[in-house]
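Engineer: Take this structure, written in structure tokens, and hold onto it; I'll ask about it next.
Computed from the coordinates by the stated procedures, all read-outs in this text should not be read as laboratory data. Quick caveat, the model's predicted, so the values are computed rather than measured. Please note: Cβ atoms are built from the backbone with ideal geometry, for glycine as well, and neighbour counts cover all protein chains shown.
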Amino acid sequence: MADLSVRFAGLELKNPLLSASGTFGHGLEMSGFVPPAALGAWVSKTVTLEPRHGNPAPRICETEAGFLNSIGLENRGLADYEATVLASLENTDAVIFTNIGGRTPEEFAEMAARLDGYDQISAFEVNLSCPNVQGGKLPFATDPATAEATIAGVRAVTKKPIFAKLSPNVAFIGEIAKAVEAGGADGITAVNTLLGMSVDWRTRKPGLALVMGGYSGLGIKPVALRCAWNCATSVKIPIIGCGGIFTADDVLEFLVAGCSAVQIGTASFSNPALLGELPALLESRLAEAGLNSIQELIGTLRRES
């Protein structure tokens, strides 16, 4: 069988498949559908310093080739994550990425400092890019200087690998990628959701209470793939691709474009077991192509001269 293992940012993952933050619970809630051993890594829902109730309903709306969400980073806060979620992870061998969110650069750093001593956490994913808070202003993901300073603050308090989760809602994502690399990020997750909206013309009402939200699903794949490639060709640190990935072929396309791994989110809503099914499908695709290792595909995009 082909070797699916990948190595980057000091991590060794059994395969390049990760859950996407916000789609697979805080810890291992989805283990009834996907055994912990099946994934390269589990990525938590965003944890914030204080509890957040999230945005008003309706905050999920199905639309063309995907759906819109405006959850607003609902969670029980850092203290509960420490006491409840991390405690439940003590006896698992799963690789865990804890996704952290903050209102200020100082909050991001404070969270990383508090969580740094937990062996259950293999890496931090720093959520610079949620479009469903602060009115979609994306203060940490649209300004290179702010992005760099935020990552630098986290870097100063932890030696764990740091992955900066970037937004597609910018003009030049490569510039943001360079900024977080300069700030000390060990890798980049590209990308979060696109800003979008839906309207029911009959009722004259928007699909979401806050009108705008994050659009995810099949429809964003070409944009996400472009963003991941822009990042991969702008920096030397590894890229985790995310956005519109539903099939083994989708996974391999992101790897060819320069990603070292991928995250899968919206696809798990229609098939919660998908992440556990994909390793065998990836092995089959590699065997058909005569490849012995998935590493042989990473960054092999052929550009015509």
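Engineer: Run through all the Cα pairs of the chain and give the fraction in each 20 Å bin from 0, expressed as whole percent.
Structural biologist: 36, 59, 5
Engineer: Full extension from Glu296 to Ala83: what is 0.36 nm times the residue separation minus their Cα-Cα distance, to one decimal in nm?
Structural biologist: Stretched fully, the Glu296-Ala83 segment lengthens by 72.5 nm.
Engineer: Of Lys159/Lys236; Lys165/Lys236; Lys159/Lys221; Lys165/Lys205; Lys45/Lys165, which sit over 22 Å apart, Cα to Cα? The partial results should precede the final answer.
Structural biologist: Working: Lys159/Lys236 19 Å; Lys165/Lys236 16 Å; Lys159/Lys221 33 Å; Lys165/Lys205 32 Å; Lys45/Lys165 13 Å.
Those over the limit are Lys159/Lys221; Lys165/Lys205.
Engineer: Is it possible to state the helix-based mean residue ellipticity at 222 nm for the chain, with each DSSP H run of 4+ residues giving -39500 (n - 2.57), the sum divided by total residues, to the nearest 500 deg cm²/dmol? What is it? Working shown, then result.
Structural biologist: On the way: 7 runs with 74 residues, N = 305.
Value at 222 nm, helices only, nearest 500: -7500 deg cm²/dmol.
Engineer: Same structure, new question: Testing the spin-label approximation: label points 7 Å from Cα along Cα→Cβ at Glu175 and Ser270. State their distance in nm.
Structural biologist: The modelled label-to-label distance comes out at 3.6 nm.
Engineer: How many percent of Cα pairs in the range 1-100 exceed 24 Å?
Structural biologist: On the way: 1637 of 4950 pairs.
The calculated P(r) of the range 1-100 puts 33 percent of pairs beyond 24 Å.
Engineer: Need one number for the range 127-256: average projected area of the convex hull over its C-alpha atoms, nm².
Structural biologist: Values: hull surface 35.4 nm².
Hull-based average projected area comes out at 8.9 nm².
Engineer: Let me ask another. With charges set only on the Cβ (+1 for Lys and Arg, -1 for Asp and Glu), what does the dipole of the range 136-260 come to about its Cα centre, in debye to the nearest 20? Can you show the working numbers first?
Structural biologist: Values: 12 positive and 9 negative charges, 72 e Å.
Taking the Cα centre of the range 136-260 as origin, the dipole is about 340 debye.
Engineer: Continuing with this model, one more query. Where does the range 239-288 land on Rg(C-alpha)/(2.2 N^0.38 Å)?
Structural biologist: Relative to the rule-of-thumb radius for its length, the range 239-288 sits at 1.08.
Engineer: For the range 196-240, list residues with backbone N below 16 Å from a point placed 7 Å from the Cα of Glu64 toward its Cβ?
Structural biologist: Zone members listed by number: 196-201, 207, 215-223.
Engineer: In what sequence, highest mean first, do 9-19, 88-98, 37-47 appear when ranked by Cβ atoms within 10 angstrom?
Structural biologist: For the peptides 9-19, 88-98, 37-47, the packing ranking is 37-47, 9-19, 88-98.
Engineer: Translational diffusion coefficient, Stokes-Einstein: compute it for the range 98-197 using the Kirkwood radius over C-alpha pairs as Rh, at 25 °C and 0.890 mPa s, and state it as an integer in µm² s⁻¹.
Structural biologist: D, rounded to a whole number, is 186 µm²/s.
Engineer: Pop the C-beta distance of Glu277 and Asn91 into the FRET formula with R0 = 25 Å and round what comes out to the nearest 0.05. Write down the numbers at each step before the final one.
Structural biologist: Details: r = 26 Å, r/R0 = 1.02.
Here the calculated transfer efficiency is 0.45.
Engineer: Still on this structure: Any chance you could run the full-extension gain for Ala182 through Thr233? It's 0.36 nm times the residue separation minus the Cα-Cα distance, nm to one decimal. Mind showing how you got there, number by number?
Structural biologist: Details: separation 51, 0.36 × 51 = 18.36 nm, distance 1.52 nm.
Answer, rounded to one decimal: 16.8 nm.
Engineer: 7 Å from Cα along Cα→Cβ at both Asp116 and Thr104: what's the point-to-point distance in nm?
Structural biologist: Taking the simple label geometry, Asp116 and Thr104 are separated by 1.9 nm.
Engineer: Something else: Exposure proxy check: Phe172, Phe8, Phe24 ranked by fewest other beta carbons within 10 Å?
Structural biologist: Numbers: Phe172 11, Phe8 20, Phe24 26.
Result, fewest neighbours first: Phe172, Phe8, Phe24.
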